[in-house]
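*Asks:* Sharing a structure with you now.
The values are calculated or read from the model by the stated rules, or taken from the named source; none is laboratory data. Since we're looking at a predicted model, the values are computed, not measured. FYI the Cβ positions are ideal-geometry reconstructions off the backbone, even for glycines, and counts take in every protein chain you see. What goes into the accessible areas is simple: the full protein's heavy atoms, side chains included, and nothing from ligands, DNA or RNA. Shrake-Rupley method; radii C 1.70, N 1.55, O 1.52, S 1.80 Å.
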Amino acid sequence: MIRFRKYFRRKILAFRNRLGEKAVGRCMIEITNAIEIVKRETGVLAAERIALNDAVGRVLAEDIVADTDLPPFDRSQMDGFAVVASDSKNAPVTLKIVGESAAGRGWHHTMKPGEAVRIMTGAPVPTGADAVQRVELTRTPDVSFQNSGTLETVDVLESVKKGTAIVRKGAEITTGSKLFSKGEVITENMIAAIASFGYATVEVAKKPLIGILATGSEIVDVEKKPDRDQIRNSNSSMLKALAENCGAVVETFPIAGDDLKTLKKQIAKASKNKDILIITGGVSVGKYDLTKTALKDLGAEIFFERVRLKPGKPTVFAKLGKVLVFGLPGNPVSAATSFYLFVNPAIRQMQRVVNGSLRSGVGVLSDTVRGIKVRDSYLPCEISFSSDGRVLLRPLKSTGSSDFIAFARADCLVFVPRETIIEKGSPAQFLILPTR
């Protein structure tokens, strides 16, 4: 049965590649369908164990479980005196000080009515005490008077209710409770909690290995000064940063020119030992757009090559052996938008992230925006907040999908359905662009 499925799949692939544009090229695919196909074809990576000190940004491959109650004992929330609350009912009252409980050095005896124990923030509350009165509401005799041999006492100046200033054992979490779940991204705020339960190491998903290959005879390396009709390669640097921000290990490759034979060699080299290959440029229908032809010649299975999306219509998704291949448009804004919608979820899914898509929200537009025919749009916008707490979305003035200067200020992408006008002051859905 398995052999039959593999044989059948190879036949379908050969048929699709023979048909070329007629098979998959002419029809644009809906954005949601494209995302589902990417998810369907994306597997997950193995896990590895690493030091907790190196774990920020990694994805948990195990649940983090409490091995003790927290706090592990009834704990004082402030400096003061542990007392029996009923003793303070007729305050001011004088109580006998019978000991001291400090953090890391508790008073492990049973306190009786009429007694008090001097206590510090974080220290264990003695057995028998049921409240802590803060030090500002108490008074002790002169030190010189106490040193005269008279029994040390404390005056509790105001009454205190039972349970005041005490955090009960297990109030934060109890032994065996799940703290964090597999699939969560470890943040700086989580480290202290994980360390508190003895996790010197944690099991995390391996980082995806990604190759980035920019194509086009018109682009040159960043450090070079472009000649006439040339531009610098900004896409490789941008995509490297975006992929690393998703937790990937990235290798960039030399620019590929517009020569089919050479391009096939460079694609084969760039995809070797990688989980994902990102190619930019050469995915449209021009004379020198050779990426799809090169992929087909190499035996790649192409799942879609046109998406009902602006910017980013000529986005390609394929599989070359076990390697996922994303062919992104050469215009930087198109490449970035396609990355956020399609590549980001794939990288996250490989690491087993729960819901790896961009976070979404609803805000109010500061200007009217207009959708276009046939394709849905994602427009770069800045986020701000009104005095009454509303999320405000300001569309960035842009000259098009090559305007990476305007895009550099974007906080989010606002969704504009095709053939739709969203008026100024109306609500609009948006995707939040991730930051470090």
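*Asks:* Could the peptides 263-275, 51-63, 216-228, 342-354 be put in order, highest first, of the mean number of other beta-carbon atoms found within 10 Å of their residues?
*Replies:* The packing order, highest mean first, is 342-354, 263-275, 51-63, 216-228.
*Asks:* What does the charge count around P380 come to, taking other residues whose C-beta lies under 14 Å from its C-beta (Lys +1, Arg +1, Asp -1, Glu -1)?
*Replies:* Net of charged neighbours comes to 0.
*Asks:* For the chain, with a Gaussian network of springs between Cα atoms less than 10 Å apart, report the residue from S334, S76, S159 with the top mean-square fluctuation.
*Replies:* Answer for the Gaussian network model of the chain: S159.
*Asks:* Anyone know which of I276, I231, I212 comes out most mobile in the 10 Å Cα GNM of the chain?
*Replies:* I231
*Asks:* Another question about this same structure. Percent of Cα-Cα pairs per 20 Å bin, from 0 to the last occupied bin, for the chain, please list those.
*Replies:* 21, 37, 22, 16, 5, 0
*Asks:* How large a share of the accessible area of segment 244-389, in percent, is made up of carbon and sulfur atoms when the probe is 1.4 Å and the other protein chains stay in place?
*Replies:* On the way: 2860 of 5930 Å².
Taking all protein chains in place, segment 244-389 shows 48 percent carbon and sulfur surface.
*Asks:* Tell me, what is the 1.4 Å probe accessible area of D79, in Å² to the nearest 10?
*Replies:* For D79, solvent-accessible area is about 80 Å².
*Asks:* Distance in nm between label sites at C27 and S386, each 7 Å beyond Cα in the beta-carbon direction?
*Replies:* Label-label distance for C27 and S386, simple model: 4.4 nm.
*Asks:* Could I ask something else about it? Just the accessible area per residue of segment 144-300, please: how many Å² with a 1.4 Å probe? Could the numbers behind the result be given before it?
*Replies:* Numbers: 8350 Å² over 157 residues.
Solvent-accessible surface per residue comes out at 53 Å².
*Asks:* Nearest 0.05, what FRET efficiency do T174 and A406 give at R0 = 45 Å with Cβ-Cβ as r?
*Replies:* In this case the efficiency is close to 0.30.
*Asks:* Report, in whole Å, the centroid distance computed from the Cα atoms of segment 355-383 and segment 36-68.
*Replies:* Taking the Cα centre of segment 36-68 as reference, the centre of segment 355-383 is 31 Å away.
*Asks:* Something else about it: Taking Cα centroids, how far is segment 167-205 from segment 249-282 in Å?
*Replies:* So the two Cα centres are separated by 41 Å.
*Asks:* Using Cα pairs closer than 8 Å and at least 6 residues apart in sequence, work out the relative contact order for segment 170-282, in percent.
*Replies:* 34 percent
*Asks:* Which of the peptides 299-306, 404-411, 110-117 is most tightly packed, and how do the rest follow, going by the mean number of other Cβ atoms within 10 Å of each residue?
*Replies:* 299-306, 110-117, 404-411
*Asks:* Counting only helical runs of four or more DSSP H residues, what would the 222 nm mean residue ellipticity of the chain come to if each run contributes -39,500 (n - 2.57) and the total is spread over all its residues? Mind showing how you got there, number by number?
*Replies:* On the way: 10 runs with 89 residues, N = 436.
It comes out at -5500 deg cm²/dmol, rounded to the nearest 500.
*Asks:* Which pairs in the list K207/K269; K269/K322; K265/K287; K272/K322; K225/K264 are over 22 Å apart, alpha-carbon to alpha-carbon?
*Replies:* Pairs exceeding the cut-off: K225/K264.
*Asks:* On to the next question. Say R0 is 41 Å: what FRET efficiency, to the nearest 0.05, do R105 and I432 get from their beta-carbon distance?
*Replies:* 0.30
*Asks:* Also: Show which lysines lie in cross-link reach of K424 when reach means a straight Cα distance below 27 angstrom and same-chain residues fewer than eight apart are skipped.
*Replies:* Answer for K424, where 27 Å is the Cα cut-off: K310, K313, K373, K397, listed by chain and number.
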